[in-house]
Every structure is written in C-alpha cells, then in structure tokens.
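Here is the structure we will look at.
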Amino acid sequence: MRIALFGDIHANLEALEAVLQDAEEQSCTHRVCMGDIVGYNADPFACLEMIRSTDWPVVKGNHDEDAAGSHSLEAMNPVAATALQWTRDQLSEEQREWLRNLRMVRQVEDFTVVHSTLDQPQSWNYVTNKFDAMSNFSYQFTNLCFHGHTHVPRIFIRDSRVGEIESDSVEIEPGMKYFINTGSVGQPRDGDWRACYAIYDIPTSRVYFRRVEYDLATTQQKIIAAGLPEVLAERLAEGR
Ligand code: ZN
C-alpha cells in the first residue's frame with residue numbers, strides 16, 4: 001500500500017491535476033486529502049468536484065469552513081477575505097453543505113489526519129516550530145499523523161524530546177511519533193513554486209515529499225481573468 005497525502009489545494013486545478021498524475025506514476029494505491037480544497041485561486045468548483053467524486057478520506061480546512069459558512073470575513077486579511085467571498089459565490093449550496101459536513105480528524109490505516117493540530121482542531125493553530133508541535137503530540141495516539149495548514153513541508157518527531165528532521169524523507173520507526181506537514185499543492189510557501197505532497201509507502205515504512213511542476217501560467221491567467229487580487233497570481237510564482 002502506497003498512499004498519496006495532499007492538501008492546501010486552494011482551488012488550483014492545474015496543480016491538483018499534476019499531483020494526481022504524479023501520484024499515479026509513483027504507483028500510489030490510495031489518496032488522502034488534508035483539506036483546504038478551496039480559497040485563494042480560481043477553480044474552487046472543479047477542484048471540489050474532483051475530490052468529491054472519489055471515496056478518498058478528506059478532512060476539513062479553515063478555508064473549507066469559511067467558504068461553507070455565511071459568517072462575516074472581516075477579521076480575515078483582506079486578500080483572503082476577497083477570495084473567500086468570491087469562492088462562496090462560485091459554489092452551490094449543495095457543495096457548501098458537503099464542505100460543512102467534512103470531519104475535522106480522521107484515522108486512516110495506522111495514521112491520523114488533521115488540517116491543523118490534534119489538540120484543538122477547531123482553533124486552526126499554526127505549527128511553525130517544535131514548541132507548537134508539542135501540544136499536538138499530547139493528543140496524538142497514532143505513531144504517525146499528517147497535517148497541512150502552514151503550506152510548508154516539515155517533519156516533527158517525538159522520542160524523549162520533540163525535534164524536527166530537516167529532510168525530504170523519513171523512515172517511520174516504532175516507538176516514535178511523527179507529525180508531518182505535507183506542504184501545499186496549490187500555494188506553497190517555502191520558496192519553491194512547485195506543487196508539494198507526500199507519499200507514505202507502508203511496506204518500507206517511509207514517508208517522502210514530492211515536488212511537481214504544473215502549468216503555472218494558466219493558473220495565473222485564470223486568477224486575473226476571474227478578477228481575484230493579482231497578488232494571488234504573483235505569489236504562486238515565488239512560492240510564498
Ligand atoms: Zn491553506
């Protein structure tokens with residue numbers, strides 16, 4: 001069994017298609033989605049339909065929740081709020097209902113999946129260092145947990161202490177806990193514009209990140225054509 005784990009797609013259809021194609025070429029047998037299917041980019045309808053038409057496990061992201069809701073977006077940064085209001089208008093009530101009903105946490109095989117953290121999934125906390133990761137580990141009952149939300153691929157580990165492994169792959173050892181951010185498909189923020197996801201190869205107990213080029217120019221053109229803030233197109237090229 002070889003599982004592709006991907007999230008923070010953010011309505012970037014070209015990046016999603018490229019990742020799914022790569023997962024196919026990498027002989028992945030299963031797929032799991034870490035949430036934030038919509039928000040920011042120009043293809044929320046198509047991305048949502050592509051995921052919804054499968055039986056892949058999916059967890060809810062904060063942008064999924066905001067796009068599904070009708071609460072005010074005033075507290076949010078203006079660019080994200082503009083994109084989310086636009087996204088709400090693109091989705092049908094039935095699609096928004098589907099997003100609303102997504103679960104916050106799921107267990108798949110021998111691992112757990114959450115968009116942000118296990119300690120307070122509804123608070124959408126960001127894990128940007130090992131101290132942030134500590135509170136998650138107290139609530140992590142499987143050796144391995146995958147998450148997203150910061151759009152930066154990272155590997156946190158707990159044995160006697162919490163630390164971070166700076167690598168693009170890791171071997172999962174018994175007795176240790178791992179909290180792995182699979183990066184972002186549709187809006188990476190680690191300085192690399194290419195779509196990011198992770199593969200968990202169960203027979204060899206290895207997790208590794210993949211970076212995949214996609215048709216960035218088309219994604220950018222769609223953002224401009226939709227009337228979304230231009231900064232959303234620019235940041236994709238910079239991976240931030
Ligand atoms: Zn996100």
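Taking region 184-240 only, how many residues are buried (at least 21 other Cβ atoms within 10 Å of the Cβ) and within 16 Å of residue 153 (Cβ to Cβ)?
13
Restricting attention to region 25-49, and to residues there that are farther than 21 Å from residue 87 by Cα and touching a strand residue (DSSP E or B) at 6+ places or on another chain (Cβ under 9 Å), which single residue is surrounded by the most Cβ atoms within 10 Å (Cβ to Cβ)?
At the first step, the residues of region 25-49 found to be farther than 21 Å from residue 87 by Cα are 25-32.
Within this subset, residues satisfying the condition of being touching a strand residue (DSSP E or B) at 6+ places or on another chain (Cβ under 9 Å) are 26-32.
Working: 26: 14, 27: 9, 28: 20, 29: 10, 30: 16, 31: 20, 32: 22.
Going through the qualifying residues, I end up with 32.
Could you count how many residues in region 202-240 are aliphatic (A, V, I, L, M), under 25 Å from residue 23 (Cβ atoms) and not in a helix (DSSP H, G or I)?
Of all residues in region 202-240, those aliphatic (A, V, I, L, M) come to 202, 207, 212, 216-217, 223-226, 228, 231-233, 236-237.
Then drop every residue that is not under 25 Å from residue 23 (Cβ atoms), which leaves 202, 207, 212, 216-217, 223, 236-237.
Among the residues that remain, those that are also not in a helix (DSSP H, G or I) are: 202, 207, 212.
Counting residues in region 202-240 that are aliphatic (A, V, I, L, M), under 25 Å from residue 23 (Cβ atoms) and not in a helix (DSSP H, G or I) gives 3.
Would you pick out the residues in region 155-191 that are touching a Gly at 6+ places or on another chain (Cβ under 8 Å), within 16 Å of the ligand (Cβ to nearest atom) and not hydrophobic (A, V, I, L, M, F, W, C)? Walk me through how you get there before you give the answer.
Filtering region 155-191 for residues touching a Gly at 6+ places or on another chain (Cβ under 8 Å) gives 156-157, 159, 181-185, 188-191.
Filter again for within 16 Å of the ligand (Cβ to nearest atom), leaving 181-185, 188-190.
Passing the criteria: 181, 182, 183, 184, 188, 189, 190.
Any residue that is in contact with a Phe, Trp or Tyr (Cβ under 6 Å, 6 or more places away or on another chain), more than 14 Å from the ligand (Cβ to nearest atom), among the small types (Gly, Ala, Ser) and under 30 Å from residue 1 (Cα atoms) - is there at least one of those in region 126-137?
yes
Picking from 96, 106, which residue would you name as being closer than 27 Å to residue 47 by Cβ, out of contact with any Ser or Thr (no Cβ under 8 Å at 6 or more places or on another chain) and either at pLDDT 95 or above or in a strand (DSSP E or B) (or both)?
Only one candidate passes the filter, namely 96.
Look through region 182-211, keep the residues that are among the hydroxyl-bearing types (Ser, Thr, Tyr) and touching a Phe, Trp or Tyr at 6+ places or on another chain (Cβ under 8 Å), and return whichever of them is nearest to residue 128 (Cα to Cα).
Our first condition is that a residue be among the hydroxyl-bearing types (Ser, Thr, Tyr); within region 182-211, this holds for 182, 184, 197, 200, 204-205, 208.
From what is left, the residues that are touching a Phe, Trp or Tyr at 6+ places or on another chain (Cβ under 8 Å) are 182, 197, 200.
On the way: 182: 13, 197: 18, 200: 22 Å.
So the residue we want is 182.
Pairs please, first residue from region 80-107 and under 13 Å from residue 65 (Cβ atoms), second anywhere and loosely packed, with under 13 Cβ neighbours inside 10 Å, Cβ atoms under 9 Å, 6+ apart in sequence or on different chains.
Qualifying pairs under 9 Å: 88/70; 96/70; 104/122.
Give region 112-159 a look and list any residue that's part of a loop (DSSP other than H, G, I, E, B) and in contact (Cβ under 8 Å) with a residue 60 or more places away in the chain, or say none. Before the answer, list the steps.
Of all residues in region 112-159, those part of a loop (DSSP other than H, G, I, E, B) come to 115-120, 124-129, 139-143, 148-153, 159.
The answer is 115, 124, 148, 149, 151.
Looking for something within 13 Å of the ligand (Cβ to nearest atom), polar (S, T, N, Q) and part of a loop (DSSP other than H, G, I, E, B) - is there at least one such residue anywhere in region 10-28?
Yes: one or more hits.
So which of 38, 79 is within 12 Å of the ligand (Cβ to nearest atom) and either part of a loop (DSSP other than H, G, I, E, B) or in contact with a Pro (Cβ under 6 Å, 6 or more places away or on another chain) (or both)?
On the way: 79 fails: within 12 Å of the ligand (Cβ to nearest atom).
Of the residues listed, the single one that is within 12 Å of the ligand (Cβ to nearest atom) and either part of a loop (DSSP other than H, G, I, E, B) or in contact with a Pro (Cβ under 6 Å, 6 or more places away or on another chain) (or both) is 38.
For region 63-76, name all the residues that are assigned to a helix (DSSP H, G or I) and either in contact with an Asp or Glu (Cβ under 7 Å, 6 or more places away or on another chain) or more than 16 Å from the ligand (Cβ to nearest atom) (or both). So that I can check it myself, show each step before the final result.
Going through region 63-76, the residues assigned to a helix (DSSP H, G or I) turn out to be 63-68.
Answer for region 63-76, where residues must be assigned to a helix (DSSP H, G or I) and either in contact with an Asp or Glu (Cβ under 7 Å, 6 or more places away or on another chain) or more than 16 Å from the ligand (Cβ to nearest atom) (or both): 63, 64.
Which of the residues spanning region 50-72 are surrounded by fewer than 17 Cβ atoms within 10 Å (Cβ to Cβ) and farther than 16 Å from residue 8 by Cβ?
Across region 50-72, the qualifying residues are 52, 53, 54, 55, 69, 70, 71, 72.
Does residue 84 fit the bill of being crowded, with 19+ Cβ neighbours inside 10 Å and closer than 20 Å to residue 46 by Cβ? Walk me through how you get there before you give the answer.
On the way: crowded, with 19+ Cβ neighbours inside 10 Å: yes; closer than 20 Å to residue 46 by Cβ: yes.
Yes: the conditions hold for residue 84.
The values are calculated or read from the model by the stated rules, or taken from the named source; none is laboratory data. Bear in mind that the values here come from a model prediction, so they are computed numbers and not experimental data. Glycine gets a Cβ as well: all are built from the backbone with ideal geometry, and neighbour counts include every protein chain shown.
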